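Take a look at the structure below.
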Amino acid sequence: MRASLTPEVAAYLAGHNVMTLATQGTDGPWAAAVFYALDEGSLVFLSAPTTRHALNLEQDDRCAATIHDDTADWRAVKGMQLEGRVARLAGDEAAAAHRCYAEKFPLVSPLAKIPPAIVEALAKIRWYRLTPSRLYFIDNGKGFGHRDEFPCA
């Protein structure tokens with residue numbers, strides 16, 4: 001399942017790097033900032049499986065996320081709100097996510113001269129895919145609280 005994105009929304013997602021991922025677990029709600037890459041309407045990210053958000057996702061794969069600009073002017077508020085499900089990837093899917101992510105963040109590319117600390121960190125991570133079930137684009141430049149919903153296939 002992938003979201004059907006307009007060029008404007010796809011460009012917005014591709015032009016940003018960090019999403020705030022909200023999860024729910026036995027210890028309650030949690031939010032974490034993660035770097036992501038856009039992959040045909042879904043978002044791929046990496047995380048250590050021992051993090052609180054990854055442990056929460058093992059219990060309940062539902063999540064919410066935001067991606068937004070940082071501004072002090074309410075008229076300039078622009079960003080994404082989404083909800084969906086996260087899957088931990090393995091095998092070919094994980095390799096494809098790694099390639100997609102490395103296109104955006106060359107530091108994790110196998111061809112990059114990766115610092116030893118990054119090599120060590122990458123050995124401990126897993127790849128994840130957030131597939132949106134609802135996706136909204138907020139643009140206060142079109143009016144206070146203006147948001148457009150985009151269908152998810």
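So the values come out like this:
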{"item": "Residues within region 1-36 that are in a strand (DSSP E or B), over 15 Å from residue 82 (Cα atoms) and in contact (Cβ under 8 Å) with a residue 40 or more places away in the chain, tallied", "result": "1"}
{"item": "Residue ID - modelled with the lowest pLDDT, chosen from residues in region 120-153 that are over 17 Å from residue 44 (Cβ atoms) and in a loop (DSSP other than H, G, I, E, B)", "result": "153"}
{"item": "Qualifying residue in region 96-110 (condition: in contact (Cβ under 8 Å) with a residue 24 or more places away in the chain, surrounded by 13 or more Cβ atoms within 10 Å (Cβ to Cβ) and part of a strand (DSSP E or B))", "result": "no"}
{"item": "Options 87, 54, 65; residue that is touching a strand residue (DSSP E or B) at 6+ places or on another chain (Cβ under 7 Å), in a helix (DSSP H, G or I) and modelled with pLDDT of 95 or more", "result": "54"}
{"item": "Which listed residue, of 72, 117, is assigned to a helix (DSSP H, G or I) and either of a type in the set (A, V, I, L, M) or surrounded by 16 or more Cβ atoms within 10 Å (Cβ to Cβ) (or both)", "result": "117"}
{"item": "Those residues of region 103-119 which are under 19 Å from the mean Cα position of the chain (by Cα) and modelled with pLDDT of 80 or more, in sequence order", "result": "103, 104, 105, 106, 107, 108"}
{"item": "All positions within region 39-73 that are within 24 Å of residue 7 (Cα to Cα), among the hydrophobic types (A, V, I, L, M, F, W, C) and touching a residue at least 60 places away in the same chain (Cβ under 8 Å)", "result": "43, 44, 45, 65"}
{"item": "Any chance residue 49 is at pLDDT 95 or above and assigned to a loop (DSSP other than H, G, I, E, B)", "result": "yes"}
{"item": "Yes/no for residue 108 being touching a helix residue (DSSP H, G or I) at 6+ places or on another chain (Cβ under 8 Å) and over 26 Å from residue 145 (Cβ atoms)", "result": "yes"}
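The rows are residues; the columns are (1) surrounded by fewer than 16 Cβ atoms within 10 Å (Cβ to Cβ); (2) aliphatic (A, V, I, L, M).
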residue: 14; (1), (2): yes, yes
residue: 39; (1), (2): no, no
residue: 43; (1), (2): no, yes
residue: 50; (1), (2): yes, no
residue: 62; (1), (2): yes, no
residue: 68; (1), (2): no, no
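The values are calculated or read from the model by the stated rules, or taken from the named source; none is laboratory data. Only a predicted model underlies this, so the values are computations on that prediction, with no experimental measurement involved. Glycine also receives a Cβ, built like all others from the backbone with ideal geometry; neighbour counts cover every protein chain displayed.
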